[in-house]
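Worksheet: the structure to be examined is printed underneath.
The values are calculated or read from the model by the stated rules, or taken from the named source; none is laboratory data. Computed from a prediction, not measured in an experiment: that's the story for all the values here. Cβ placement follows ideal geometry from the backbone for every residue including glycine, while neighbour counts extend to all protein chains displayed.
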Amino acid sequence: MIKTVKTELYQSPSPLEWATIGNGILFTAQIPIDDQGKVVTGGIEAQTYQTMKNLCHTLDCANADLTDITQVMIYVTDRAYLSTVNRIYSEYFKEPYPNRAALVVAGLAREDMLVELVVYAAVKN
């Protein structure tokens, strides 16, 4: 059975939930949008901070935190962005780090998005 995590993030018109829990695993994908559903401006740094803010909010709504995360998939639209994402990522995550992969993609769902995180975490149902 899948449980939906209720957040205060912008309610997307797309058919999706910001986070679900199944079999003790939280599944979430986070993007750099504000509370109005707009992609934040300011480049990769601003977008990464907003994505992390949205992730932390979602974790809090699921009664979890960053230490519960087991895997992170980072998607960026330019390899040069990885150094900035890594710097900001290290402000949030400490050892032992979650398993992680970083992918450079041609584009994301919204043309102005530069980063997206797909995250899995162990949580209590």
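In a residue-by-residue description of segment 67-78, the property of being in a loop (DSSP other than H, G, I, E, B) and either touching a Gly at 6+ places or on another chain (Cβ under 7 Å) or of a type outside the set (A, V, I, L, M, F, W, C) (or both) applies to at least one position.
Scanning segment 88-118 for residues that are of a type in the set (A, V, I, L, M, F, W, C), in contact (Cβ under 8 Å) with a residue 60 or more places away in the chain and in contact with a strand residue (DSSP E or B) (Cβ under 7 Å, 6 or more places away or on another chain) yields LEU108, MET113, LEU114, VAL115, LEU117, VAL118.
Just to be sure before I move on: is ALA64 out of contact with any Asp or Glu (no Cβ under 7 Å at 6 or more places or on another chain), at pLDDT 95 or above and surrounded by fewer than 16 Cβ atoms within 10 Å (Cβ to Cβ) in the structure I sent? For ALA64, the condition - out of contact with any Asp or Glu (no Cβ under 7 Å at 6 or more places or on another chain), at pLDDT 95 or above and surrounded by fewer than 16 Cβ atoms within 10 Å (Cβ to Cβ) - is not met. Residues that are within 25 Å of GLY37 (Cβ to Cβ) and assigned to a strand (DSSP E or B) are absent from segment 81-90 altogether. Of all residues in segment 13-47, exactly one satisfies the criterion of being under 19 Å from ARG87 (Cβ atoms), in contact (Cβ under 8 Å) with a residue 60 or more places away in the chain and exposed (fewer than 14 other Cβ atoms within 10 Å of the Cβ), namely GLY43.
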